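Before any comments, here is the structure.
The values are calculated or read from the model by the stated rules, or taken from the named source; none is laboratory data. These numbers were taken from a predicted model, which means no experiment stands behind them. Cβ placement follows ideal geometry from the backbone for every residue including glycine, while neighbour counts extend to all protein chains displayed.
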Amino acid sequence: MSFQLGQDRLTTALLYQQVVQGKPEYVLPAASRERVKRYRQLVQTALDSGKTYYGINTGFGYLSDVRIESSKLNQLQDNLVRSHACGVGDYVEPAVVRGLLLLRAHTFSLGYSGVSEACLDTILEFLKHDILPMIPSQGSVGASGDLAPLAHLALGLIGEGRVLYQGEVMPAAAALEKAGVKPVRLGPKEGLSLINGTQFMAVEASIAVEEAKVLTQSADIIAALSLDALRGTLKAFDPRIHEIRPHSGQKQSAERIRAMFQEHDPIVESHADCSRVQDPYSFRCVPQVHGATYDTLGFVEKQINTELNSVTDNPLCFENGEILSGGNFHGQPMALAMDFLGIAMAEIGSISERRTEKLTNPNLSGLPAFLTRESGLNSGYMIPHVVAAALVSENKVLAHPASVDSIPTSADKEDHVSMGPIAALKARRILKNIANILSIELLAACQGIDLLAPLQPNPRLKRIYDSVRAQAPAMDTDRSLHDEIKNLSAWILDGSLLKCAEEA
């Protein structure tokens, strides 16, 4: 069913489904279009009054007191977009740009921005034809919105800059001509509306939330496989333990791990009478650690879902004809949420690395050193563990909050900024590292299972083991695991591991 712009509620899950997993499907209801026309008329009425309105007939930021004559108002908007489109760094992936276009269309359909139908229709044409402006990832401090990234988006809409179209990077003007789309001619306020707002950090945050959900749930499944390979005890996952500390995430994690052991497990039965009383924290405390991250994700997702349905540019138009300047573009809600997400997810990687270390350490695992039968001649999983340790250490640096920093801009007019885009980009980098860390643990766990032969895990875990082995054979002698780590990382991140577990 198509998403109704300006009417339905957008969520991180829906945005991810629309721009990452499939082609955007949306409609602009007649009521939303009528709302856009009505609010645009408020801008025109304000101009006709002869009064001064920030961003409509004035300069911007420190120059907000400079009145611009009527004949130059269109040029003012073009100049604003061009001057702000000066971002640097790697270009964001196509899914993020699609997300920006979709979210821009949705928020403008709420009306309060006061943009014209023509502006909104051009955004929809870009979505329809999959014309994606090239947007550098760096350059926003997240205060007056995501000025630099959104300016690059707007630059494409006016037919300038470069875009990705039909798999090729080309000048926007050339792409628009091929697609039969006319660039928008910006009217008063429209350039400012296009570059003000938190859409860049909100889209990055939405994708981060959905990736984090997949990784955290996958971490439970991988931990279960590692527990079997280590010949650990299931007592720590007894529901009675978690009922008397009933954090919802903790209970959810313990339940998911228990579910992986509901069938007859020869490995578990083989050590039923061993002398080991309890396992290291990285195994015994998985529900407590993973569960805290689940609970954090719940808070973060709620924050992002609110932002996705908010109007965050400036100034804003209201039904009574007032046009008010405020600070909805300030990214602090996104910045704090993304820093919290980064910290919580870094812990998923940290405890995973500890499990890999236990599997490779013969003093704790009872398995051959570094999970190889001829250790010494072979290094086995010695260096894959080192790679995991390196990524965990990098995540510790990345988990330092961006939101505690601020640097004044625009001649001290914008004197407190959020650094929300930096927080979101850091969080996504942490998630990529975690996908690799979990991939290494998964490979190590499967190698541990191999070394317990002829014992086999239960059918549920065996199905996951078989899926991994279809992509990465057992390592009898040393070889490069680079490709296997990379491929399994993508397999985990796209939800295939979870699908395999659900089918099992």
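As a summary of the residue check, GLY187 satisfies the conditions (1) at pLDDT below 95; (2) touching a Lys or Arg at 6+ places or on another chain (Cβ under 8 Å) except for the one numbered (2). Taking the conditions (1) within 23 Å of the chain's Cα centre (by Cα); (2) closer than 30 Å to ASP478 by Cα in turn, LEU451 satisfies each one other than (1). The set of residues in region 12-28 that are surrounded by 15 or more Cβ atoms within 10 Å (Cβ to Cβ) and under 27 Å from GLU319 (Cβ atoms) comprises TYR26, LEU28.
Across region 323-343, the qualifying residues are those that are surrounded by fewer than 24 Cβ atoms within 10 Å (Cβ to Cβ) and among the small types (Gly, Ala, Ser), and the one among them that is farthest from ASN395 (Cα to Cα) is SER325.
Would you mind listing the helices (runs of 4 or more DSSP H) fully within region 230-347 where at least 3 residues are touching a Gly at 6+ places or on another chain (Cβ under 6 Å) and either touching a residue at least 40 places away in the same chain (Cβ under 8 Å) or in the same structural domain as PRO421 (by TED's automatic domain parsing) (or both)?
Working: elements: 239-243, 248-259, 266-270, 281-284, 286-308.
In region 230-347, 248-259, 286-308 are the helices (runs of 4 or more DSSP H) which contain 3 or more residues that are touching a Gly at 6+ places or on another chain (Cβ under 6 Å) and either touching a residue at least 40 places away in the same chain (Cβ under 8 Å) or in the same structural domain as PRO421 (by TED's automatic domain parsing) (or both).
As a summary of the residue check, LEU367 satisfies the conditions (1) of a type outside the set (Lys, Arg); (2) within 30 Å of GLY197 (Cβ to Cβ); (3) buried (at least 22 other Cβ atoms within 10 Å of the Cβ); (4) over 21 Å from the mean Cα position of the chain (by Cα) except for the one numbered (2).
On the stretch given as region 444-474, residues that are surrounded by fewer than 22 Cβ atoms within 10 Å (Cβ to Cβ) and not in a helix (DSSP H, G or I) total 11. Only one entry in GLU394, GLU502, GLU441 is assigned to a helix (DSSP H, G or I), acidic (Asp, Glu) and closer than 29 Å to GLN332 by Cα, namely GLU394. Examine region 42-64 for a residue that is within 20 Å of ASN309 (Cβ to Cβ) and either of a type outside the set (S, T, N, Q) or in a helix (DSSP H, G or I) (or both), and state whether such a residue exists. No, there is no match, as no residue in region 42-64 is within 20 Å of ASN309 (Cβ to Cβ) and either of a type outside the set (S, T, N, Q) or in a helix (DSSP H, G or I) (or both). Within region 257-267, the only residue that satisfies the criterion of being of a type in the set (A, V, I, L, M) and surrounded by fewer than 19 Cβ atoms within 10 Å (Cβ to Cβ) is ALA259.
Criterion first (modelled with pLDDT of 95 or more, in contact with a strand residue (DSSP E or B) (Cβ under 6 Å, 6 or more places away or on another chain) and either surrounded by 24 or more Cβ atoms within 10 Å (Cβ to Cβ) or among the aliphatic types (A, V, I, L, M) (or both)) does LEU110 satisfy it? Spell out the reasoning first.
Details: modelled with pLDDT of 95 or more: yes; in contact with a strand residue (DSSP E or B) (Cβ under 6 Å, 6 or more places away or on another chain): no; either surrounded by 24 or more Cβ atoms within 10 Å (Cβ to Cβ) or among the aliphatic types (A, V, I, L, M) (or both): yes.
Spelling it out, it is not the case that LEU110 is modelled with pLDDT of 95 or more, in contact with a strand residue (DSSP E or B) (Cβ under 6 Å, 6 or more places away or on another chain) and either surrounded by 24 or more Cβ atoms within 10 Å (Cβ to Cβ) or among the aliphatic types (A, V, I, L, M) (or both).
Applying the condition of being buried (at least 19 other Cβ atoms within 10 Å of the Cβ) and of a type in the set (Val, Ile, Thr) to region 29-58 and asking which residue is nearest to the chain's Cα centre (by Cα) yields VAL36. Contact map, region 353-369: residues that are in contact (Cβ under 8 Å) with a residue 60 or more places away in the chain paired with residues that are crowded, with 19+ Cβ neighbours inside 10 Å and among the acidic types (Asp, Glu), Cβ distance under 6 Å, separation 6+ or inter-chain. Pairs shown: ARG355/GLU441; THR356/GLU441.
Residues in region 38-80 that are of a type in the set (A, V, I, L, M, F, W, C) and over 13 Å from GLY321 (Cβ atoms): ILE56, PHE60, LEU63, VAL66, ILE68, LEU73, LEU76, LEU80. If you go through region 45-57 and pick out every residue that is in contact (Cβ under 8 Å) with a residue 40 or more places away in the chain and on the phi < 0 side of the Ramachandran plot, you end up with 7.
Yes/no per residue for (1) in contact with a helix residue (DSSP H, G or I) (Cβ under 6 Å, 6 or more places away or on another chain); (2) farther than 25 Å from GLY376 by Cβ:
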| position | (1), (2) |
| --- | --- |
| GLU441 | yes, no |
| ILE449 | yes, no |
| LYS462 | no, yes |
| ARG469 | no, yes |
| ARG479 | no, no |
| ALA490 | no, yes |
| LYS499 | no, yes |
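Looking across GLY197, GLY191, GLY167, GLY142, one residue alone is in contact with an Asp or Glu (Cβ under 7 Å, 6 or more places away or on another chain), at positive phi and either surrounded by 20 or more Cβ atoms within 10 Å (Cβ to Cβ) or not β-branched (Val, Ile, Thr) (or both). It is GLY197. In summary, ALA223 fulfils each of the numbered conditions (1) closer than 27 Å to ARG429 by Cα; (2) of a type outside the set (Lys, Arg); (3) out of contact with any Phe, Trp or Tyr (no Cβ under 8 Å at 6 or more places or on another chain) with the single exception of condition (3). If the condition is being closer than 18 Å to ASN436 by Cβ and of a type in the set (A, V, I, L, M), then region 465-482 contributes VAL468, ALA472, MET475, LEU481.
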